[in-house]
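Q: Please find one structure pasted underneath; my questions will follow.
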Amino acid sequence: MYTTARVASALADGSPARTGKASGNVIAEDPEMLETVQRNETVAMCLATAFARHGVTVTFGQSLPSAFHLAAPHAGIEQKAYRQENTGGAMADGYARISHKVGVVTGQNGPAATLLVAPLAEALKASVPVTALVQEVQRNGMDKNAFQEFDHLKLFDGVAKFVRRIDRADRLEDLVDMAFTAATSGRPGPAVLLVSPDLLIERAPDPSPRRANLGTFPLDRTAAAPSLVDDAAELLATAKCPLVVAGGGVHLSDAATELATLQESAHLPVATTNMGKGSVDETHPLSLGCIGNYMAVGSRTHKLRPLVERADVVLLVGSRTNQNGTDTWTLFSTSARFIHIDVDPIEIGRNYEALRLVGDAKLTLAALAAALGRCDLTARQKARAGLESEIKEGVGDWRRTVAEVSARDGGPIRPERVMAELDQRMRPTDIAVADASYSSIWINNYLTARRVGQRFLTPRGLAGLGWGLPLAMGAKIAAPDSRVICLVGDGGFAHSWAELETVRRLRLPITIIVLNNGILGFQTHAEDMKFGQHTNACDFEPVDHAGIARCCGVHGVRVETGDAVATALDEALASDEAMLIEVMTDPTAKPPITVFAGHFSEPY
Ligand SMILES: Cc1ncc(C[n+]2csc(CCOP(=O)(O)OP(=O)(O)O)c2C)c(N)n1
Ligand SMILES: [Mg+2]
């Protein structure tokens with residue numbers, strides 16, 4: 001039997017193993033071990049094969065655990081190498097959101113593991129199944145302050161649904177299956193598997209009888225009780241002014257088609273939250289657009305707020321009813337009745353007591369549409385024309401309000417101009433991705449979902465800066481045939497611009513638009529509003545983002561006037577390579593955030 005500890009030490013950090021020999025390449029010095037590794041008869045191969053069984057074809061990694069990554073290609077799994085773990089985790093997140101498969105990120109123990117906390121936290125809050133495979137120190141070094149040893153079980157406890165260490169080869173597949181089940185079942189979310197490098201190069205155990213693919217979500221679909229669905233249908237059919245609010249759970253459940261059927265057949269107006277953007281076609285006459293914390297003048301839904309506020313029956317679908325999605329819980333009438341479809345029972349009634357439809361959105365919406373089909377829908381039919389003209393008038397009013405700013409030539413450029421040019425060019429199959437801060441609002445307020453189920457990715461789990469670019473990279477890897485457009489602010493982009501080299505290396509033809517207003521915009525304006533001044537963190541020295549792109553081998557151009565935006569966009573969207581457009585924007589421009597009303601003249 002070979003001494004796996006020596007090998008593990010060598011693989012863990014590249015330092016020479018304490019073998020007494022000068023070389024750190026100890027596998028090569030041990031013929032039996034070398035043969036096992038080279039023949040791929042290792043636990044690492046067994047782990048890769050188990051991941052492949054769950055449909056994993058891509059991991060986001062940086063070499064470690066090395067034995068896993070060296071074995072994985074033999075199981076059909078390709079490593080997409082990131083430069084930094086924060087962004088690697090967000091790439092896995094973007095990949096999962098688009099592919100409906102588990103996103104896998106891998107990383108080293110200690111410092112690398114700590115950097116995975118942030119992306120897993122976002123994935124937990126946004127209900128995205130990401131599995132992190134994290135290296136442990138070798139088993140005989142545990143609890144001895146081994147190099148980069150850290151208590152990973154505790155570290156990940158608050159950001160994952162499931163955290164386990166694989167200690168024995170013969171339990172490996174059991175734990176892998178539990179991790180994938182945790183990630184994809186119920187309310188999806190992150191799972192973490194910890195594994196020591198010395199275990200990975202042991203000889204593989206006997207083959208496991210496990211055959212299931214547990215790597216797509218939702219894993220299990222359960223519908224709400226039929227009698228409750230009938231009650232909900234009756235409430236909606238007889239309401240004076242019903243409203244559907246679609247959250248991110250609609251996308252997670254792949255339920256957009258069922259929602260569209262409900263909207264059309266029961267004549268129901270549908271608004272979405274940020275995460276639910278695209279779950280309905282926004283060119284449909286009964287689609288309001290996004291509602292939440294940006295409904296001031298300049299918002300598509302500004303004039304539609306009365307329609308939301310007078311709703312007497314609100315159907316919430318896959319929503320956390322969080323602060324932004326409800327404009328700090330002020331959007332709905334206190335006398336409204338709620339029906340809430342959600343796979344997570346704890347979300348139902350958290351903020352609005354509701355008729356509880358615990359279940360998968362797809363199945364439950366289909367059942368609800370069928371139940372409504374058995375109801376008398378005369379009231380709904382009668383109300384439809386009035387609703388459609390109210391929505392048309394509201395959206396028309398918005399377009400007139402923002403027409404001038406959206407057409408402004410010259411500089412500094414207004415983001416509304418950029419969005420107007422982009423919206424004209426968006427295809428139904430395009431995926432738009434934004435970073436946190438204003439970028440999320442620019443895309444969700446100004447781009448139009450042109451089909452049922454179009455995707456707009458925003459890091460709204462925690463609204464962290466730096467997610468935009470890696471989410472877009474993951475999305476592009478998941479959907480290579482879709483054009484992916486990524487909008488980021490200059491502050492947020494600084495969190496992740498190191499990945500431009502990765503964009504180049506992985507040959508990801510995405511369009512990156514950096515809105516360079518030279519400030520932490522949202523932060524600045526929020527402080528100005530609250531304190532009449534802002535701190536010295538808010539203003540940047542000039543940065544040449546197009547130059548940074550070019551230095552990393554990515555085509556970069558700077559645009560300084562509104563009339564030059566179209567040409568740059570056309571070039572980027574037609575290119576089969578990545579391109580970064582740096583847009584020099586007006587630092588006073590603000591999206592229509594409701595709490596700004598009264599503090600800045602509208603539209604801002
Ligand atoms: C990781 C992280 N750090 C800090 C914040 C707080 N924050 C929210 S918006 C914002 C300003 C973002 O500036 P920028 O990315 O340039 O976008 P802009 O608002 O200027 O368009 C900050 C610092 C955050 N959301 N996430
Ligand atoms: Mg900025």
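Bear in mind that the values in this text are calculations on the coordinates, not laboratory data. Not measured: the values here are computed from a predicted model. Note that we place each Cβ from the backbone using ideal geometry, even for glycine, and neighbour counts take in every protein chain shown.
Q: To make sure I understand the rule: partners must be lysines, Cα under 22 Å from the Cα of LYS154, and not fewer than 8 residues away in the same chain. Which ones qualify?
A: LYS125, LYS144
Q: Magnitude of the Cβ-charge dipole of the chain, K/R +1 and D/E -1, about the Cα centre, nearest 20 debye?
A: 800 debye
Q: Could I ask something else about it? How do TRP329, TRP467 line up, fewest other C-beta atoms within 10 Å first?
A: Ranked by crowding around the Cβ, least crowded first: TRP329, TRP467.
Q: Before rounding to the nearest 500, sum -39500 (n - 2.57) across all DSSP H runs of length at least 4 in the chain and divide by the residue total; then give [θ] at 222 nm in deg cm²/dmol.
A: Helix contribution divided over all residues of the chain: -11000 deg cm²/dmol.
Q: Still on this structure: What GluC sites (Glu not before Pro) does segment 263-349 have in DSSP loop regions with at most 10 other beta carbons within 10 Å?
A: Here no GluC sites (Glu not before Pro) fit, given the DSSP loop and packing criteria.
Q: So for ASP198, ASP254, ASP220, fewest C-beta neighbours within 10 Å to most, what's the order?
A: The fewest-first ordering by Cβ neighbours comes to ASP220, ASP254, ASP198.
Q: Assign one of three labels to segment 4-200, namely rounded, prolate or oblate, based on the Cα gyration tensor with a ≥ b ≥ c the square roots of its eigenvalues; rounded applies when a/c is under 1.5, prolate when it is not and a/b is larger than b/c, and oblate otherwise. Walk me through the numbers before you get to the answer.
A: Details: a/c = 1.90, a/b = 1.53, b/c = 1.24.
Because a/c hits 1.5 or more and a/b exceeds b/c, segment 4-200 counts as prolate.
Q: Relative to the longest principal axis of the chain, what angle (0 to 90°, nearest 10) does the C-alpha long axis of helix 172-184 take?
A: It is inclined by approximately 10 degrees.
Q: Mind checking the angle between helix 565-574 and the chain's longest principal axis? C-alpha axes, 0 to 90 degrees, to the nearest 10.
A: That works out to roughly 50 degrees.
Q: Moving on. Give me the lysines in straight-line cross-link reach of LYS476: C-alpha distance below 19 Å, same-chain residues under 8 apart excluded.
A: LYS80, LYS101, LYS277
Q: Something else about it: Helix 361-373 against the longest principal axis of the chain: what's the angle in degrees, Cα atoms only, rounded to the nearest 10?
A: 30 degrees
Q: Can you list which of the chymotrypsin sites (Phe, Trp or Tyr not before Pro) found in segment 91-184 are DSSP loop residues with at most 14 other C-beta atoms within 10 Å?
A: PHE147
Q: Does segment 226-396 come out rounded, prolate or oblate by the C-alpha gyration tensor, with a ≥ b ≥ c the root eigenvalues, rounded set by a/c under 1.5 and, if not, prolate when a/b is larger than b/c and oblate if not?
A: Details: a/c = 1.43, a/b = 1.13, b/c = 1.26.
Judged from the Cα gyration tensor, segment 226-396 comes out rounded (a/c under 1.5).
Q: Moving to a separate point now. Determine the percent antiparallel among the DSSP beta bridges restricted to the chain, to the nearest 5.
A: Taking every DSSP beta bridge within the chain, about 5 percent pair in antiparallel fashion.
Q: Using the 10 angstrom Cβ neighbour count as an exposure proxy, how do ILE98, ILE581 rank, fewest first?
A: Placing the least packed residue first, the sequence is ILE98, ILE581.
Q: Give the shape of the chain as rounded, prolate or oblate, defined through the alpha-carbon gyration tensor: a ≥ b ≥ c are the square roots of its eigenvalues, a/c under 1.5 means rounded, and otherwise the shape is prolate if a/b is larger than b/c and oblate if not.
A: Values: a/c = 2.31, a/b = 1.44, b/c = 1.60.
Since a/c reaches 1.5 but b/c is at least a/b, the shape of the chain is classed as oblate.
Q: Tell me, what is the percent relative contact order of the chain, built from C-alpha pairs under 8 Å that lie six or more residues apart?
A: Values: 1382 pairs, mean separation 79.8, N = 604.
Over the chain, the number comes to 13 percent.
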